[in-house]
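Written out below as structure tokens is the structure these notes cover.
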Amino acid sequence: QVQLVESGGGLVQAGGSLRLSCAASGRIFDIDVIGWYRQAPGKQRELVARITTRTGITFYADSVKGRVTISRDNAENTVYLQLDSLKPEDTAVYYCNRFPPLGARWGQGTQVTVSS
């Protein structure tokens, strides 16, 4: 089964940008839809964005629409999440996984911290 590993998080000031990477151990086409999720302290994990790997069709949560772009690089078997105009409320651990997760194992995620 294809495994996904997140990277690219960090500390950034409000208004800044980060690009997160989700590297697959195999072909991303083997997963129909890949999503980026996040979990802030004390809150439930939520879907941020998802992409259908073969068609490139995307979906965004209302809370990030216009500030976030999900994309994929088929040759690199990587899915990216570009975060722009970051806000302190975007602070969370960000994960990538299948959509829907349906019991799939979660990775360690990558921490994004936005300072005000």
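What the table shows:
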{"read-out": "Alpha carbon convex hull of the chain, projected area averaged over orientations, nm²", "value": "6.6"}
{"read-out": "Loop sites in the stretch 39-113: chymotrypsin sites (Phe, Trp or Tyr not before Pro), DSSP, at most 16 other Cβ within 10 Å", "value": "Trp106"}
{"read-out": "Cleavage-rule hits, trypsin sites (Lys or Arg not before Pro), the stretch 13-116, DSSP coil, Cβ neighbours within 10 Å at most 13", "value": "Arg27, Lys43, Arg54, Lys65, Arg105"}
{"read-out": "Within the stretch 67-98, backbone nitrogen closer than 16 Å to the virtual label 7 Å beyond the Cα of Trp106 toward Cβ", "value": "91-98"}
{"read-out": "Computed label-point distance, nm, for sites Gln3 and Ser63 using a 7 Å Cα→Cβ extension", "value": "2.9"}
{"read-out": "In order through the stretch 90-106: 3J(HN,Hα) via Karplus (6.51 cos²θ - 1.76 cosθ + 1.60), integer Hz, x for Gly, Pro", "value": "7, 4, 4, 8, 9, 10, 10, 6, 4, 10, x, x, 6, x, 5, 5, 8"}
{"read-out": "Unit charges at the beta carbon, dipole of the chain: most positive-side option, Gly42, Ser21, Gln108", "value": "Gly42"}
{"read-out": "Phi to ³J(HN,Hα) by Karplus 6.51 cos²θ - 1.76 cosθ + 1.60 over the stretch 31-46, Hz, x for Gly, Pro", "value": "10, 4, 9, 10, x, 9, 10, 8, 9, 8, x, x, 10, 6, 5, 10"}
{"read-out": "Local electrostatic count at Leu83 - Lys and Arg +1, Asp and Glu -1, tallied over other residues with Cβ under 14 Å", "value": "+1"}
{"read-out": "Heavy-atom surface of the chain, accessible at 1.4 Å and reported per residue (Å²)", "value": "53"}
{"read-out": "Cβ-defined net charge surrounding Gln108, 15 Å radius [Lys, Arg +1; Asp, Glu -1]", "value": "+2"}
{"read-out": "Environment charge of Gly66, counting only residues whose C-beta is closer than 14 Å and scoring Lys/Arg +1, Asp/Glu -1", "value": "0"}
{"read-out": "Solvent-accessible area, 1.4 Å probe, carbon plus sulfur percent, for the chain", "value": "47"}
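The values are calculated or read from the model by the stated rules, or taken from the named source; none is laboratory data. Note that this is a predicted model, so its numbers are computed, not measured. Cβ atoms come from the backbone with ideal geometry, glycine included; neighbour counts cover every protein chain shown. Just so you know, the surface numbers come from the protein's heavy atoms only, side chains and all, with ligands and any DNA or RNA stripped out. Shrake-Rupley method; radii C 1.70, N 1.55, O 1.52, S 1.80 Å.
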